[in-house]
1. Which entries of 113/291; 75/113; 134/199 show an alpha-carbon separation above 22 angstrom in the structure shown?
2. Roughly how far apart, in whole Å, are the Cα centres of the range 174-249 and the range 72-144?
3. Mind ranking 81-92, 166-177 by how tightly packed they are, going by the mean number of other C-beta atoms within 10 angstrom, highest first?
4. How much net charge surrounds residue 249 when only the other residues with a Cβ under 11 Å from the Cβ of residue 249 are counted, with Lys and Arg +1 and Asp and Glu -1?
5. Is the range 55-133 best put as rounded, prolate or oblate by its Cα gyration tensor, with a ≥ b ≥ c the root eigenvalues, rounded for a/c under 1.5, and otherwise prolate when a/b is larger than b/c, oblate when not?
6. Each residue of the range 212-220 in turn: what ³J(HN,Hα) in whole Hz from Karplus with 6.51, -1.76, 1.60 and θ = phi - 60°, glycine and Pro shown as x?
7. Which net charge results when you count Lys and Arg as +1 and Asp and Glu as -1 among the other residues whose beta-carbon is under 15 Å from that of residue 306?
8. How about the range 178-235: which trypsin sites (Lys or Arg not before Pro) there lie in a loop by DSSP and see at most 15 other Cβ atoms within 10 Å?
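Here, each number is a calculation from the coordinates, and none is a lab measurement. From a predicted model like this one, the values you see are computed outputs, not experimental measurements. Glycine also receives a Cβ, built like all others from the backbone with ideal geometry; neighbour counts cover every protein chain displayed.
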Amino acid sequence: MLRRSIAVGTALFKSTMPKRKADKGEFFKPKKAKVAEVETETSDDTKENGLRGDENERSWKILSWNVAGLRALVKKNGQKSIISQSPDLVFLSEIKCNEWPVDCETDFKKYHKTLVISQEKKGYAGVALLSKIKPIKVWKGIGNASYDGHGRLIIAEFTHFYFIGAYVLNSGRGLVNLEKRGKWEELFLEKIKELDEKKPVIYSGDLNVAHNEIDLANPETNRNKTAGFTDQEREWFSRLLEAGFKDTYRELHGDKQEYTFWSYLGNARSKNVGWRLDYNVVSNRIFEKVKSSEILTEVMGSDHAPIVLEIDI
């Protein structure tokens, strides 16, 4: 299968990558966030009310979507697009709300639901997990107070795997958040490797990076100028893959050029001037169990398209 590689200058990368600090460092000293961990016990009633029990190896359909505001999506009946896919697990990002809209409570009554909201800014960011199988345990962050509490990440443990859903920090206009993003990427890499030593990992969401040139419509005009297509961000994603993970869409579709995000400006979606910012990443050892990894470009309701992973695990 034809694959693309990235040539990133070592000197450039080293000059911008954060150096590991001593124990007194603000970002690398372990600090448990107040909202970092929530335990849920698996009970014997998981098959009641249409909920699926956690059996041995089974087929999972996982849908991830940056909805750009859950209330706005519901007003457009966008949740019906999710339900029509009959997913076993749903990860929603950029929900921008602190509680479930009433219609979601009704339409997703067959799912166990967890919200992770921003503690810093009401109505900002936020992610949600909905699963037909009750997780063994849920963490609302990676356990670092400098980054948790912003409503950007959830980890759920199931019998045979960990699921990580993320809405990764955008590096911002003028790349003002690039350094902070880099420190988070290093912490996250440590966390996902730690989890992968225990069980395989499925990592999904809006990762805010276009890894290769084929992952955006205009690479030359955006390289090292626009958040999501800097050498540093691309290299951080490369390091993740090199640590034992696969980008399922790219592995299965080769050089097919599809996008998951289009700006609202300039009729970008109708012109298909987009970016592939949303990913389903899995541990190498379970890649052979992946049945499909698709982008639902026809589904409207957000500036992002949903992505769907089907896997037997």
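1. 113/291
2. 23
3. Ranked from most to least packed, the peptides come out as 81-92, 166-177.
4. With Lys, Arg at +1 and Asp, Glu at -1, the neighbours total -2.
5. prolate
6. Residue by residue, the range 212-220 yields 10, 4, 6, 8, 8, 6, 10, x, 5 Hz.
7. -4
8. 198, 223, 225
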